[in-house]
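Structure, as structure tokens:
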Amino acid sequence: MDDLIRQEVSLAPYSTLRVGGSAAYLAEVTSIAELQEVLSFAKQHTNVPPLVIGSGSNVLFREAGYPGVVVVVGMTGITQAEEGDSVLITAAAGELLDTVVLHAVQESLWGLENLSAIPGTIGATPVQNVGAYGVEVSDLIVSVTALHMETGEQRIFSNEDCQFAYRESFFKTESGRKWIITSVTFRLKKDPAPQLEYGTLAELQSIQNITPQQVRDEIESIRAGKFPDWHHVGTAGSFFKNPIISPTAYDELLAQYPDVPGFETEHGIKVSLGYVLDKICGLRGYSNGPVCLYENQALVLVATKGARASLIENFAREITNRVEEKTKIKIEPEVRFV
Ligand SMILES: Cc1cc2nc3c(=O)[nH]c(=O)nc-3n(C[C@H](O)[C@H](O)[C@H](O)COP(=O)(O)OP(=O)(O)OC[C@H]3O[C@@H](n4cnc5c(N)ncnc54)[C@H](O)[C@@H]3O)c2cc1C
């Protein structure tokens, strides 16, 4: 055992929900060479696959912890290259998404600004196809570089290879989970390309010569009102995915609740779960012990002092059941339970 790989490490500080047991081993890697060293250790000393994390802002660690090696991806570095009217930005997996957004905004490049103030690392962004305010990373990703945890193969995935959908990608499948993302390349625009269709962002449409920085400022201010500060409270942001249901099921829902917002997608109608939780189930601000749905945005689960993984899991189950009772919709967590 060297300094790189530590034994019996509490996982709570590695997740923004701040709960969970211990990892048998944990390593924070800052280079591909360190990653390879840790993978080789895992092969020799454990019999479960390594678990890869970034900032832990979308995982719930259970009390049992993790019996294998938890690999915290921390490689950093941002490079850029011009290509016609675009600039390709490549960021190492351990860079924070918001650092890369800020970099792009400071370079007056368009594309990432709507994704301001989202916690987490670049390497995690393709996994659940991070999105907000009308933009998903799949709109911008050119390629993803990844290393196979069993064979050590390094591969470049095209946007198509990633099989992106709403909060989904190849990297969430059983075979996709074996790839450790090491860097992501985004195509950004030099010419103005603001995306201001979503909600109150439309108010910015009247600003002449708007800059990416102005859009970022607006997003930061909207998000400050909708999300608790994850530096100070336990949260993973939106705990559940907005459900996608068939047009027939949506019509049935509308017959009962005529104002439920729904958005057409390739796979059906995406229903606003925030609305369902708040207006139909009356659960905004609802708490059970130390776990609650945030008073400013019902989709956001907050774990306060005294919360444990099992309490959060039970609470999530209770919310799921309540939604099903009222709407017949089975909702799913966006957060990964480990
Ligand atoms: C306050 C708050 C607001 C949020 N708002 C949004 C939002 O608006 N939109 C949105 O989409 N999400 C949002 N999230 C969720 C979260 O920010 C994203 O899911 C983010 O991408 C997670 O990054 P992470 O580094 O913390 O990933 P982790 O939580 O560490 O990991 C998440 C998943 O990705 C996998 N993973 C992580 N790194 C790698 C890698 N290098 N290679 C392969 N797999 C990897 C993990 O195994 C796990 O399955 C929010 C979270 C919080 C706390």
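The values are calculated or read from the model by the stated rules, or taken from the named source; none is laboratory data. These numbers come from a predicted model, not from an experiment. Cβ: placed from backbone, ideal geometry, glycine included. Neighbour counts: every protein chain shown.
Quick check on GLY56: is it within 30 Å of LEU188 (Cα to Cα), at pLDDT 95 or above, assigned by TED's automatic domain parsing to the domain that holds PRO126 and of a type outside the set (S, T, N, Q)? Working first, answer last.
Working: within 30 Å of LEU188 (Cα to Cα): yes; at pLDDT 95 or above: yes; assigned by TED's automatic domain parsing to the domain that holds PRO126: no; of a type outside the set (S, T, N, Q): yes.
When the stated conditions are applied, GLY56 does not pass them.
Would you mind telling me which numbered condition in (1) outside the structural domain of GLN163 (by TED's automatic domain parsing); (2) within 27 Å of ALA104 (Cβ to Cβ); (3) within 15 Å of the ligand (Cβ to nearest atom) PHE263 fails?
It is condition (3) that PHE263 fails.
Output the residues belonging to the range 117-127 that are within 6 Å of the ligand (Cβ to nearest atom), over 25 Å from THR200 (Cα atoms) and in a loop (DSSP other than H, G, I, E, B). Even if it seems obvious, please write down each step before you answer.
Narrowing the range 117-127 to residues within 6 Å of the ligand (Cβ to nearest atom): 118-121, 123-125, 127.
From what's left, over 25 Å from THR200 (Cα atoms): 121, 123-124, 127.
VAL127 - this is the single residue of the range 117-127 that is within 6 Å of the ligand (Cβ to nearest atom), over 25 Å from THR200 (Cα atoms) and in a loop (DSSP other than H, G, I, E, B).
Taking the criterion of being under 23 Å from LEU196 (Cβ atoms) and modelled with pLDDT under 95, would at least one residue in the range 87-104 satisfy it? Talk me through it step by step, then tell me what you get.
Step one: filter the range 87-104 for residues under 23 Å from LEU196 (Cβ atoms), giving 87, 89, 97-98, 100-104.
Among the residues that remain, those that are also modelled with pLDDT under 95 are: none.
No, the range 87-104 contains no residue that is under 23 Å from LEU196 (Cβ atoms) and modelled with pLDDT under 95.
Would you kindly identify the strands (runs of 3 or more DSSP E) lying entirely within the range 130-196 that contain at least 3 residues that are touching a strand residue (DSSP E or B) at 6+ places or on another chain (Cβ under 7 Å) and within 11 Å of the ligand (Cβ to nearest atom)?
141-148, 179-189
VAL69 - would you say it is β-branched (Val, Ile, Thr) and in a loop (DSSP other than H, G, I, E, B)? Can you show your working first?
Working: β-branched (Val, Ile, Thr): yes; in a loop (DSSP other than H, G, I, E, B): no.
For VAL69, the condition - β-branched (Val, Ile, Thr) and in a loop (DSSP other than H, G, I, E, B) - is not met.
Can you list the strands (runs of 3 or more DSSP E) found entirely within the range 210-325 that contain at least 3 residues being of a type in the set (Gly, Ala, Ser)? Outline the logic, then answer.
Values: elements: 234-238, 262-265, 268-271, 291-293, 300-303.
Answer list for the range 210-325: 234-238.
Please count how many residues of the range 147-175 are under 24 Å from VAL69 (Cα atoms) and buried (at least 17 other Cβ atoms within 10 Å of the Cβ).
Within the range 147-175, the first condition is being under 24 Å from VAL69 (Cα atoms), and the residues that meet it are 147-155, 169-175.
From what is left, the residues that are buried (at least 17 other Cβ atoms within 10 Å of the Cβ) are 147, 149, 169-171.
Qualifying residue count, the range 147-175: 5.
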